[in-house]
Amino acid sequence: MGMDKADIRDALQLPYISAHLPGIRGRLRAHPEHFVVEEVPLYEPSGEGEHTFLRITKREMTSTYVRDRLAQIFGLRKDDVGMAGLKDRHAVTTQAFSIPRVPPEEALERIRREFPEIYVHWARRHRNKLKPGHLLGNRFRITVVDTAPGDLERARAIADFLRQVGVPNYYGEQRFGRERDNPQRGREVLQGRGPRDRWLRRFLISAYQAYLFNRYLARRVEEGKFTRLLEGDIAKKADTGGLFVVRDVTAEQPRYEQGEIHFTGPMYGYKMWEAEAEAGALERAILEEEGLSLADFRRAKVKGTRRLGRLWLVDLQIEEDDAGNLIFTFFLPKGAFATVVLREFLRNAG
C-alpha cells in the first residue's frame, strides 16, 4: 500500500477536463513580462496605525527575497515583515508587504535609495500586520509564445467550455518539490518517520495532503463526477463562502451549473468536515488505497480542512497580440495555481 516515485509521477499526470477538445501549441515564461501577477487585497489600509503597508512591483524576485531585504534595510526581524502570499520568481508580480514602526514617508525614501530594483506604488498606514491569507486572490496576464496558426480559435473553444464547467482546482506540480518527493516524505512523517524539525514535518505533510487532494479530484474527473454534484458533497456558496452538506442533488445541481455553489475536496485531517454518502465513500476510498485512516493524521496532530474543488473562470479572456502571441487574462482565488488553468490549453504545461 502507499506510494513510490512512480506514483508521484502519476500524480502529476492529471486528467484534463477539456480533453475532448484539441489543445494548442506554445510556451510559457519566455520572459518575466510574459507572466504578470497582481495581488488582489482582502482589504485596503485604513490610513492610521503603527504598520506601513507597501504596494510593490518586482521582477524576477521571490517574495521571501523582498521580505528579507526589507527586514535588512529597516533593521527588523524577518518575521516582522508581513505579506499575504508567495508569488512566482520568474514573473513580474505586484503585492503588498507591511513593516512596523516606520512612517510611510521614511519607508518610501529609504526603499528608493537602498532598494531601487523594486517599484513602490504607495505606502500607507494600517493598524495590523499583513498576514498570510490576507488576500482575495490574484489577477493574471499570461503570454503564450510560439503558437501555431488556428490556436486562437482552439484556445477560445476551450475557454468557452471551461467557463461553462470550471477547472479542476489541482495543486500545481511546484507544490511537490523540485525532486517531486515531498509527498512521499510527508507520508513517512505521518507514519512516525522522517525529519525531526517541526516546520519541515508540517511542510512535508501538507505536500502529502495536496497529493491526496489531487488524487481525489482526478478520480472525480475520470469518473465523470466533476461536472455534477454528489450526494453528501460539502458544497461552498460562491457569494458567502458558507459550507453545507448536499442532501438533494436534483435541487442543488442547477445552482452548481450556474456557479452559485461548488463542491469541496478533502485536505485530510482528524478535524476535517467529512463528506457523506457517495461523496464520503469516494474520500474514504482514496485513504484506504493509501493504507491510511484519519487516525494517522490525529497522531500527527494534522487537523485538515476543505479545499475548493473547482475554479470558476467567468472573466477568462484570450486575445492575440501583433506578434501572434496569445494573451490570457483571468482572476483566481487565493491558493489556486495559474499553471493549472493554462495546462488545459497547453497539454504539456503541467
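Assorted remarks:
- Looking across region 90-124, just one residue is surrounded by 16 or more Cβ atoms within 10 Å (Cβ to Cβ) and of a type in the set (Lys, Arg), and that is Arg124.
- Criterion: of a type in the set (Asp, Glu), crowded, with 16+ Cβ neighbours inside 10 Å, out of contact with any helix residue (DSSP H, G or I) (no Cβ under 8 Å at 6 or more places or on another chain) and closer than 21 Å to Val341 by Cα - qualifying residue of Asp151, Asp146: Asp151
- Which numbered condition Gln209 misses (of (1) part of a loop (DSSP other than H, G, I, E, B); (2) in contact (Cβ under 8 Å) with a residue 12 or more places away in the chain; (3) among the polar types (S, T, N, Q)): (1)
- Some residue of region 189-207 being of a type in the set (Phe, Trp, Tyr) and more than 25 Å from Ala281 (Cα to Cα): yes
- Exclusive hit being without any contact (Cβ under 8 Å) to a residue 12 or more places away in the chain and either of a type in the set (Val, Ile, Thr) or not in a helix (DSSP H, G or I) (or both), set Pro149, Pro132: Pro149
- Listed by position, the helices (runs of 4 or more DSSP H) enclosed by region 246-350 that each have at least 1 residues that are surrounded by 17 or more Cβ atoms within 10 Å (Cβ to Cβ), in contact (Cβ under 8 Å) with a residue 40 or more places away in the chain and not β-branched (Val, Ile, Thr) are 277-290, 294-299, 338-342.
- Yes/no for Leu86 being touching a helix residue (DSSP H, G or I) at 6+ places or on another chain (Cβ under 8 Å), loosely packed, with under 14 Cβ neighbours inside 10 Å and without any contact (Cβ under 8 Å) to a residue 60 or more places away in the chain: yes
- Hits in region 212-231 (condition: surrounded by 17 or more Cβ atoms within 10 Å (Cβ to Cβ) and in a helix (DSSP H, G or I)): Leu212, Phe213, Asn214, Arg215, Tyr216, Leu217, Ala218, Arg219, Arg220, Val221
- Against the numbered list (1) under 21 Å from the mean Cα position of the chain (by Cα); (2) at negative phi; (3) assigned by TED's automatic domain parsing to the domain that holds Gly259, Gly241 comes up short only at (2).
- Filter pass, Thr329 being at pLDDT 95 or above and more than 29 Å from Glu223 (Cβ to Cβ): yes
- Residue that is closer than 20 Å to Phe337 by Cα, in the same structural domain as Lys129 (by TED's automatic domain parsing) and of a type outside the set (Phe, Trp, Tyr), where the choices are Ser98, Ser63: Ser63
- Those residues of region 285-296 which are in contact with a Phe, Trp or Tyr (Cβ under 6 Å, 6 or more places away or on another chain) and either among the β-branched types (Val, Ile, Thr) or modelled with pLDDT of 95 or more (or both), in sequence order: Ile286
- Selected residue (only one of Glu173, Glu153 is within 23 Å of Phe331 (Cα to Cα) and touching a Leu at 6+ places or on another chain (Cβ under 8 Å)): Glu173
- Among the residues of region 168-184, none qualifies, meaning not one is at pLDDT 95 or above and surrounded by fewer than 21 Cβ atoms within 10 Å (Cβ to Cβ).
- Residues that are surrounded by 15 or more Cβ atoms within 10 Å (Cβ to Cβ) and modelled with pLDDT of 95 or more within region 16-25 comprise Tyr16, Ile17, Ser18, Leu21, Gly23, Ile24, listed in sequence order.
- Selection of first residues in region 216-229 that are closer than 14 Å to Glu257 by Cβ and of second residues that are among the hydroxyl-bearing types (Ser, Thr, Tyr), restricted to Cβ pairs under 9 Å at least 6 apart or on distinct chains, gives the following pairs, ordered by first then second residue: Thr227/Tyr256; Arg228/Tyr256; Leu229/Tyr256.
- Checking every residue in region 62-75 against the condition of being in a loop (DSSP other than H, G, I, E, B) and aliphatic (A, V, I, L, M) gives zero matches.
The values are calculated or read from the model by the stated rules, or taken from the named source; none is laboratory data. This structure is a prediction, so every number in the text was calculated from the model and none was measured. Because the Cβ atoms are built from the backbone with ideal geometry, glycine has one as well, and the counts that use them run over all protein chains shown.
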